[in-house]
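Report on the following structure.
The values are calculated or read from the model by the stated rules, or taken from the named source; none is laboratory data. Remember, it's a predicted structure, so these values are computed and weren't measured experimentally. Every residue, glycine as well, gets a Cβ built from its backbone with ideal geometry; the counts of neighbours run over all protein chains shown. Surface areas here come from the heavy atoms of the whole protein model, side chains and all, with no ligands, DNA or RNA. Shrake-Rupley method; radii C 1.70, N 1.55, O 1.52, S 1.80 Å.
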Amino acid sequence: MSTTTTQRADAALAARLRPHRFRPFRLALLLLVIALVALLQPDCFRFAVRHFIRFEAWRNGIDVQPGTIGGSLFEPVVLRDSVWSYESETGPVTRLGIKTATATFSWRNLLPRSSGQWFQRLSLEGVTGKMRLPTAAETAGHSGGLPLRMPRPRGRWLAAPERFEAADVDFIFASNGDYVRLTETAFTLSNLATGSITAGQIFVKQPWLTRTFRQVTGTTAIQDGTLQIADLSLEPGVEIEDFSAQLDDFAQGKLKLAVQFAAFGGRLRSEAETLPDEPQFSIDLTVQPISPIDVAQLATFLGLSDAAGGTIKAGRFRFRGPPQQFAKASGEVRAEVANFQWETRQWDSLVLGVKLLDGRIQIPEFALTQGRNRVAFSGEMAWPVPGVAWWQSEFALTIKEGQLDDLTALSALLMPEFRSAAGRATVRGSVRGKEQKFDGQLVISGTQLRWHDAPLERLDASIVLNGNEYQISNVSVRNGADYLSGSGVVNIVGDKQYWGELHASVQDLAKYAAILQRPLVPEPLAGGAFIDWDGEGSAKGHSGKFLARLRKVRSLGATAALLHPLNADFEGSYSHGGMVFSTFALSDDESSFTAHVGVVDKAVSLQGMRLMHGQALWLEGDALLPLDVWNAWPNTSLATLLDDHTVGKLNVTAYDLSLHETAQLTGLRFPIEGLVRGNVTAEGPLGALKSSGSLTL
């Protein structure tokens, strides 16, 4: 074959093959035409819409039940009775039911050189929904591992409508019984014009607030997927000036919002967002006043107190972590409050700083001024754990300043009873505890002190903590010639042990009746007293020495008219199960009783008893009485005091003993008269007592 013939054959073959290069384009064009023709059929169009909605929802992690679908390519798409739900990987669950959703499209805006938006309007009616935040137990369950899910190509929805509107909305944000609920709500959103929002009722039930707001209105806007609400008036004086939130995040169970309030005479700004990267449901919340806040208006809004006042000049609240597991979160509170009043409590200024970090509460600053009183301290402690007392964990406290120049003013801060206090006091020191061992020192002093009408010219005390010991040293209280001093050591934890000494001299106890009340003494007392005591004790027993001299001691209580003033001189020692008096004397102006007294197990021994009236001997003898003093004290009664099994002995002789005078040495004015002479002996238990002798009454 010639070269020319060959060239012609190749050219013809190439001409036949050249159209095949355009067949893929023709095929795609053919398929597009077929799809457009199919979409012109309403049933095919609805089928495509149903599966498109399911795919987009699946792609964004949302489960949807579309319900019934109406409309066509030339009519609005109507979705009835649809249910949408989303469960975040960190726990929040969102469920939304929509009775009717109507979407209007302008397909020609998909063509080139078109300036309009193809998705023009989305209208919802009859919306019920709930976002449930997980409880602490549920978030703990999520921390152990996430459920196995098929990977989804997450992404944004294809387009947002040019205008979004909803009516008859009922939505609730709930967590562990607390909630915020919006009912009878309608709103419109548009990125072209300002919209509106109206909430028939907003119910708030939180630990810090329970309120219902009615007919709440405001304006709305949407821009770049961000919802904005402004001028939302909750009630007179409380208005949300600006609210913004990411709609795409909200649809996926995430929150990222910012709110600015004009309320309580000032302004506050709050920012909050969920933390999806955390293994448990966590939030990042900040609240900060941007102008002074009136405490009275804030308290009225929270429904806490009508008698409140003052100004929050500056402050900040920050929390980051699981909201129901503070021990795993971090946070900060700082406030400067001036001229504060809360019912009867008042102060001039307070600066408070508190931090929560790594399961510990830190107080880097606390400074309080109230008139002439100034207190400043810092400290830290572990976050409280149920069943564990705060002092059983590690803690620290340092009192930088404790100058109380007006104790009476403390009644407006601590307790109303401080109205009865007066004087000046200072407190200094620091305390640290770890593993139930403590170290530190507190020094307390006071001058011109008074409690009701009980005066104390000077008070000094030093308390030292060393390991598990509570050491009280150099305690001194003085008022004129009266004084009380002492020192001692007490175990705080572990086996209870103590040792100490006490010295006191008081010319008239009635002067301190306001202090000497229960539980120190049963009733206020009058008379003079001199007391010395030193002793020690543990679980194994107690021992010590004592000396007491009482003069004209009597009660000032309700039984004062029935009592008789007594003098008493006691000196002795005690140990486990026993007490010995080297001196035991009771007397008044006319008579005296003396004896060698011993208290042993279930018996009281009185040897060498002598009852004298002036120079006359009225009674002498010995006795062993079956009295169980140790076990009966302090809740003494005749039934617990008498012991039926102990053998008692009695041998006494009376010489014209006056019953009236003798009875008064018990401290009671018994209505009895008469004389007794004779001798009596007795021996045996109470149930089989044998006695002899003769008495003349």
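Shape verdict for the range 228-361, please, from the Cα gyration tensor: rounded (a/c under 1.5), prolate (a/b greater than b/c) or oblate.
Note, shape of the range 228-361 comes out oblate.
Hey, can you grab everything whose amide H is under 5 Å from the amide H of Ser282? Only 5+ residues off in sequence or another chain; H modelled, so Pro and N-termini drop out.
Under 5 Å from the amide H of Ser282 lie the amide H atoms of Leu275, each far enough along the sequence or on another chain.
For the range 162-286, report the accessible area per residue in Å² (1.4 Å probe, heavy atoms, rounded to an integer).
Solvent-accessible surface per residue comes out at 49 Å².
Thr447 to Thr183: FRET efficiency via 1/(1 + (r/R0)^6), r the Cβ-Cβ distance, R0 56 Å, to the nearest 0.05?
After rounding, the FRET efficiency stands at 0.30.
Quick one: if the Förster radius is 25 Å, what FRET efficiency do Trp208 and Ser291 give, using the C-beta to C-beta distance and rounding to 0.05?
Computed FRET efficiency for Trp208 and Ser291 comes out at 0.70.
On a full-extension model of 0.36 nm per residue, what is the gain between Val78 and Ala389, subtracting their alpha-carbon distance, rounded to one decimal in nm?
Extending this stretch completely gives an extra 105.8 nm.
Using a Förster radius of 35 Å, what is the FRET efficiency between Ala688 and His503 based on their Cβ-Cβ separation? Nearest 0.05, please.
For R0 = 35 Å, the calculated efficiency reads 0.15.
Tell me, what % of the accessible area of the chain is carbon and sulfur with a 1.4 angstrom probe?
58 percent
Amide H to amide H, which residues 5 or more places from Val475 or on other chains are under 5 Å from it, using H placed in the peptide plane?
So Val475 has HN proximity to Ser462, Gly486.
Would you please give the residues with an amide H less than 5 Å from that of Gly359, counting only those at least 5 places away or on a separate chain, with H modeled from the backbone geometry?
Close amide H contacts, sequence-distant or interchain: Ala329.
Return the sequence-ordered ³J(HN,Hα) values of the range 370-379 in whole Hz as given by the Karplus equation 6.51 cos²θ - 1.76 cosθ + 1.60 applied to θ = phi - 60°, using x for Gly and Pro.
9, x, 9, 9, 9, 10, 9, 8, 9, x
Could you point to the residue in Val652, Val259, Trp618 farthest towards the positive end of the chain's charge dipole, with +1 and -1 charges on the Cβ of Lys/Arg and Asp/Glu respectively?
The one lying farthest along the dipole's positive direction is Val259.
What list of ³J(HN,Hα) values in whole Hz, one per residue of the range 584-591 in order, does the Karplus curve 6.51 cos²θ - 1.76 cosθ + 1.60 (θ = phi - 60°) give from phi, with Gly and Pro shown as x?
9, 9, 10, 7, 10, 5, 10, 10
Quick one: dipole size for the range 312-403, taken about the Cα centre, charges +1 on Lys/Arg Cβ and -1 on Asp/Glu Cβ, in debye to the nearest 20.
220 debye
Would you work out if the range 153-273 is rounded, prolate or oblate? Take a ≥ b ≥ c from the square roots of the eigenvalues of the alpha-carbon gyration tensor; rounded if a/c is under 1.5, else prolate when a/b is larger than b/c, oblate otherwise.
Here the range 153-273 falls in the prolate category.
Specify the inter-centroid distance of the range 254-317 and the range 433-449, based on alpha-carbon positions, in whole Å.
Rounded to whole Å, the Cα centres lie 37 Å apart.
Mean residue ellipticity at 222 nm from the helices of the chain, using -39,500 (n - 2.57) per DSSP H segment of n ≥ 4 over the full residue count, to the nearest 500 deg cm²/dmol?
The helix-only estimate for the chain comes to -3500 deg cm²/dmol at 222 nm.
From the list [x] 293; [y] 173; [z] 252, can you say which value of volume of the Cα convex hull per residue in Å³ was derived from the structure given?
Calculated volume of the Cα convex hull per residue in Å³: the matching label is [x].
Can you tell me what share of the DSSP beta bridges in the chain is antiparallel? A percent to the nearest 5 is fine.
DSSP beta bridges in the chain are roughly 95 percent antiparallel.
Set Lys and Arg Cβ to +1 and Asp and Glu Cβ to -1, take the dipole of the chain about its Cα centre, and tell me which of Ile229, Gly684, Phe670 lies farthest positive.
Projecting each Cα onto the dipole axis, the largest value belongs to Ile229.
Does the range 407-535 come out rounded, prolate or oblate by the C-alpha gyration tensor, with a ≥ b ≥ c the root eigenvalues, rounded set by a/c under 1.5 and, if not, prolate when a/b is larger than b/c and oblate if not?
The shape class here is oblate.
Excluding ligands, DNA and RNA, what is the solvent-accessible area per residue of the range 539-683 at a probe of 1.4 Å, expressed in Å²?
57 Å²
Enumerate the calculated ³J(HN,Hα) couplings along the range 211-221 in order (Karplus 6.51 cos²θ - 1.76 cosθ + 1.60, θ = phi - 60°), each rounded to whole Hz, writing x wherever the residue is Gly or Pro.
9, 10, 10, 10, 6, 8, 10, x, 10, 10, 7
With charges set only on the Cβ (+1 for Lys and Arg, -1 for Asp and Glu), what does the dipole of the chain come to about its Cα centre, in debye to the nearest 20?
4220 debye
With each label point set 7 Å from Cα along the Cα-Cβ vector, what nm distance links Thr408 and Asp495?
Distance between the two pseudo-spin positions: 5.1 nm.
Which one, Leu459, Val493, Pro519, is farthest towards the positive end of the dipole of the range 443-521 when Lys and Arg carry +1 and Asp and Glu -1 on their Cβ?
Going by the charge dipole, the pick is Pro519.
Label-point separation (nm) for Ala560 and Ser349, each offset 7 Å from Cα along Cα-to-Cβ?
Distance between the two pseudo-spin positions: 4.9 nm.
Could you give the nm distance between label points at Arg424 and Lys256, where each point is 7 Å from its Cα heading toward the beta carbon?
For Arg424 paired with Lys256, the spin-label model returns 6.0 nm.
Assuming 0.36 nm per residue, please report the length gained on full extension of the stretch Gln223 to Val521 beyond their Cα-Cα distance.
Length gained between Gln223 and Val521: 99.6 nm.
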